[in-house]
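Novice: There's a structure below that I have some questions on.
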Amino acid sequence: MRDSTDRRTIRAGLIGAHIGRSRFGIALSLLAEADGLDLHFEAFDCEVLPDISLPELVADLATRGQTGLTVTHPFKGAAHGLACAWR
């Protein structure tokens, strides 16, 4: 475990449909805390945000220093395409 004076912040997120009740953010928070990390977590539910565009969201999050984004249904295919395009 890291010293509390040496804390890093991880910016993570989850994008998908019907994720409002997901406990993914809570699980990440517990893991981050156990390793002495601060976590900023955002969920992007396309049922609540119907006009969300994965490429635009990823570009916006990258400019804001996002560390990672977990992708689930219905964006998995689009995420694969983005990842392949960035190689």
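Novice: With axes computed from alpha carbons, what is the tilt in degrees of helix 24-34 against the longest principal axis of the chain, rounded to the nearest 10 within 0 to 90?
Specialist: So the helix axis and the longest Cα principal axis differ by about 20 degrees.
Novice: Note the listed values [x] -0.40, -0.92, -1.20; [y] -0.34, -0.90, -1.14; [z] -0.28, -0.85, -1.22, then indicate which one is log10 I(q)/I(0) by the Debye sum over Cα atoms at q = 0.11, 0.19, 0.23 Å⁻¹ calculated from this particular structure.
Specialist: Answer by label: [y].
Novice: With θ taken as phi - 60° and the coefficients 6.51, -1.76 and 1.60, list the Karplus ³J(HN,Hα) couplings across segment 56-71 in order, rounded to whole Hz; mark glycine and proline as x.
Specialist: These are the phi-based 3J(HN,Hα) values: 5, 4, 4, 4, 5, 5, 4, 5, 8, x, 4, 7, x, 9, 8, 10 Hz.
Novice: So what is the relative contact order of the chain, in percent, for Cα pairs below 8 Å that sit 6 or more residues apart?
Specialist: With pairs under 8 Å counted, the relative contact order is 40 percent.
Novice: Also, quick follow-up: If a/c stays under 1.5 just call it rounded; otherwise compare a/b with b/c (prolate if a/b is bigger, oblate if not). Do that for segment 44-84, with a ≥ b ≥ c from the square roots of the Cα gyration tensor eigenvalues.
Specialist: The shape class here is oblate.
Novice: Still on this structure, I have one more. In a GNM of the chain with a 10 Å cut-off on Cα contacts, which of Arg11, Arg64, Arg21 has the highest mean-square fluctuation?
Specialist: Arg21
Novice: A further question follows. How much of the DSSP bridge set in segment 1-83 is antiparallel, in percent, rounded to the nearest 5?
Specialist: Antiparallel bridges: around 0 percent, rounded to the nearest 5.
Novice: Between Ser53 and Arg8, how many nm apart are label points set 7 Å from Cα along the C-beta direction?
Specialist: Label-label distance for Ser53 and Arg8, simple model: 3.2 nm.
Novice: Using the Cα centre of the chain as the reference point, and only Cβ charges (+1 on K/R, -1 on D/E), how large is the resulting charge dipole? Debye, rounded to the nearest 20. Don't skip to the end; give the middle numbers.
Specialist: Details: 9 positive and 11 negative charges, 47 e Å.
For the chain, the charge dipole is close to 220 debye.
Novice: Please give the helix 76-86 orientation as an angle from the longest Cα principal axis of the chain, in degrees from 0 to 90, rounded to the nearest 10.
Specialist: Roughly 80 degrees, rounded to the nearest 10.
Here, each number is a calculation from the coordinates, and none is a lab measurement. The shown structure was predicted, so the numbers you read here are calculated from the model rather than taken from an experiment. FYI the Cβ positions are ideal-geometry reconstructions off the backbone, even for glycines, and counts take in every protein chain you see.
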